[in-house]
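Any read-out appearing in this document is the output of simple, stated calculations on the displayed coordinates, not a laboratory observation. All figures in this text were calculated on a predicted structure; none of them were measured in a lab. Note that we place each Cβ from the backbone using ideal geometry, even for glycine, and neighbour counts take in every protein chain shown.
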Amino acid sequence: MSKGVLMVNLGSPKSTDPKDVKEYLDEFLMDERVIDVPYWARTLLVRGIILNTRPKKSAAAYEKIWWEEGSPLIVLSERLQDKIDEQTSVPIALAMRYGEPSIKSGLQELHEKGVDEVLLFPLYPQFAMATTETILVLAEELRKENYPNMQFTTVPAFYNHSDYIRVLAESIAEKLKGVDFQHLLFSYHGVPKRHIRKSDITNSHCKIDGSCCQTPSAAHQYCYRHQCYETTRLVAEYLELKENSYSVSFQSRLGFDPWLQPYTDRTIERFGKEGMKKLAVVTPAFVSDCLETLEEIAMEGEEIFHEVGGEELTVVPCLNDREDWVKVLSRWIDEWAHQKPVEA
């Protein structure tokens, strides 16, 4: 069989025009794994309320971080793809879950190259309903409908893979070398608490009570919260961070449902009010810098910190197209192509 890889990232609007942002938000927020309420309620919320107010605000935010080449997330994903292409002989296609290039166009690209065995590679270290799961579900629907002879293999969440932990930890060490900071905040994208419970394959373990994420369970295979804390623990161990010199928070909440806590914006505010002057933030839920890292953390987060007395907020870039990250991904792909299991 002929093998190929489909790398999938989140996606981005075509431009900063509010119309393009509205189109993107409609596709994103109408996904039943992002806002997991009945279709009628989701339609009322998204198309009746959110899309009448949010696109202009989001467009202004995108305008702040937009590059001359286009969306940072798309540009960085393309750079990553190009570099991996140079290091492996396996065909690589790039897709976005929302917007362009679509998953369908990525599969079609591979199909036209004669590929019938595809490695689906969601570019998310941790598993979540609204990230990894929605990619896999849509890809399978498209396969059945358009490419019934294709076979899929999926890269599992790599939140605790030693290669990923090493590269992430070393990226943090490089950015913070010589930086006088008092605390390192690991800020992950938030999800509603009900998503954690819905992903619990045991239907009983995930109580989000402060202890379940540390208690061994089969539920951890799909528990976003556990995987975020485990990534943090392993990086802290690698960097030999002192206890209480780092912590975890969750950003980008939407709506009024209970989301994972503590919230990043309130945590940054609290640190400043408590007298902290120098804070560092890393965002390990993303491998590519995007609106949530470049605007929400590096701009809004810095503004919040300064408003309450903080002086310096240092943001660690995502892995993007770092050479060591490219080498890791290329090796994982080659190991799969030659039937060698990718081991932690």
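Length gained on full extension, I49 to E274: 77.3 nm, using 0.36 nm per residue less the C-alpha separation. Since only N9, T88, W332 are under comparison, the one whose Cα sits farthest along the positive direction of the charge dipole of the chain, derived from C-beta charges on Lys, Arg, Asp and Glu, is N9. With a simple spin-label model that places each label point 7 Å from the Cα along the Cα-to-Cβ direction, the separation between T215 and K64 comes to 4.1 nm. The alpha-carbon atoms of the stretch 187-344 define a convex hull whose volume equals 149 cubic angstrom per residue. Taking 0.36 nm per residue of separation and subtracting the current Cα-Cα distance, fully stretching the chain between E100 and I208 would add 35.3 nm. Placing +1 on each Lys and Arg Cβ and -1 on each Asp and Glu Cβ, with no other charges, gives the chain a dipole about its Cα centre of roughly 980 debye. With a cut-off of 14 Å between beta carbons, the residues surrounding S58 carry a summed charge of -3, where Lys and Arg count +1 and Asp and Glu -1.
Taking R0 as 35 Å, what FRET efficiency do you get between D85 and K57 from their Cβ-Cβ distance, rounded to the nearest 0.05? In this case the efficiency is close to 0.40. Near L291, once Lys and Arg are set to +1 and Asp and Glu to -1 for all other residues with Cβ below 13 Å from its Cβ, the sum equals -3. With R₀ set to 35 Å, the beta-carbon distance separating K193 from K242 gives a calculated FRET efficiency near 0.70.
Using 1/(1 + (r/R0)^6) with R0 = 56 angstrom and r between the beta carbons of E303 and Q151, what's the FRET efficiency to the nearest 0.05? All intermediate terms of the calculation are to be shown ahead of the outcome.
On the way: r = 49 Å, r/R0 = 0.87.
It comes out at approximately 0.70.
So for the chain: antiparallel DSSP bridges make up what percent, rounded to the nearest 5?
On the way: 2 of 34 bridges.
The antiparallel proportion sits near 5 percent.
Which peptide among 225-232, 67-74, 256-263, 118-125 comes first, and what is the full order, when sorted by highest mean count of other Cβ atoms within 10 Å?
Values: 225-232: 22.8, 67-74: 17.2, 256-263: 14.5, 118-125: 24.2.
So the order, starting with the most tightly packed, is 118-125, 225-232, 67-74, 256-263.
For the chain, what does the helix formula give at 222 nm: sum of -39500 (n - 2.57) over DSSP H segments with n ≥ 4, over the residue count, nearest 500 deg cm²/dmol? Spell out each step's value before the answer.
Values: 12 runs with 141 residues, N = 344.
For the chain, the value works out to -12500 deg cm²/dmol.
Using a cut-off of 14 Å between beta-carbons, work out the net charge of the residues near M150 (Lys and Arg +1, Asp and Glu -1, M150 not included). Don't skip to the end; give the middle numbers.
Working: positive: K3, K104, K113, R143, K144; negative: E109, E112, D116, E117, E140, E141, E145.
In short, -2.
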